[in-house]
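Some notes on the structure that comes next.
The values are calculated or read from the model by the stated rules, or taken from the named source; none is laboratory data. If you're wondering where the values come from, they're calculated on a predicted model, not measured in any experiment. Ideal geometry is used to build each Cβ from the backbone, glycine not excepted, and the neighbour counts take in all protein chains shown.
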Amino acid sequence: MDTTRKCCLGSTLKWYVWCAAVCNLFYVFHHFPDGAIGAGLLVLRVTLATMLVGFGLEHDGLALPTAVIIVPAFAIACLCIGFLTTWIAVFCGLGAMAAIYVVPDAHGAGCALASAISLSVALVGPGAFSVDHLRYGRRVRVFPPED
């Protein structure tokens with residue numbers, strides 16, 4: 001039985017070396033960590049949502065259009081359940097940075113902290129305790145054998 005296969009660069013590798021490389025890449029590039037790391041990401045998402053609620057309650061007395069109230073409420077709900085987490089986190093980070101310049105009495109340090117948290121959530125991902133994990137979770141890809 002031949003144990004050599006062609007890799008994507010055209011060179012030949014021993015089958016066990018190729019399998020070891022693929023298995024190691026799986027552990028390096030997983031996107032939905034579970035356990036303590038996944039719980040930490042859940043806490044990070046809920047912390048960001050709580051900060052956004054706090055920012056909204058600071059300006060509760062203002063007469064705002066309905067869209068200005070519904071969009072952040074949707075973003076907060078999405079962050080809590082982990083739905084479209086990366087996009088919502090980017091949106092929240094940009095909104096927090098814009099609030100420094102647009103809202104006259106916005107706390108710069110709080111907005112900068114919210115932007116940093118949203119950046120970390122956007123870069124790390126939602127974690128295993130999220131709707132995104134159920135939608136795009138770990139999958140096994142089976143490639144047909146080469147002939």
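Here are some notes:
- Cross-chain or 6+ apart pairs with Cβ under 9 Å, the range 114-139 first and in contact (Cβ under 8 Å) with a residue 12 or more places away in the chain and surrounded by fewer than 20 Cβ atoms within 10 Å (Cβ to Cβ), then assigned to a loop (DSSP other than H, G, I, E, B) and of a type in the set (A, V, I, L, M): 131/84; 137/128
- Only one entry of 69, 88, 117 meets the criterion of being over 26 Å from residue 32 (Cβ atoms), among the aliphatic types (A, V, I, L, M) and part of a helix (DSSP H, G or I), and that entry is 69.
- Of all residues in the range 27-72 being surrounded by 11 or more Cβ atoms within 10 Å (Cβ to Cβ) and among the aromatic types (Phe, Trp, Tyr), the one that is modelled with the lowest pLDDT: 32
- When the range 87-118 is limited to residues that are under 19 Å from the mean Cα position of the chain (by Cα) and β-branched (Val, Ile, Thr), the one that is nearest to residue 44 (Cα to Cα) turns out to be 117.
- Some residue of the range 104-111 being charged (D, E, K, R), part of a loop (DSSP other than H, G, I, E, B) and touching a Lys or Arg at 6+ places or on another chain (Cβ under 8 Å): no
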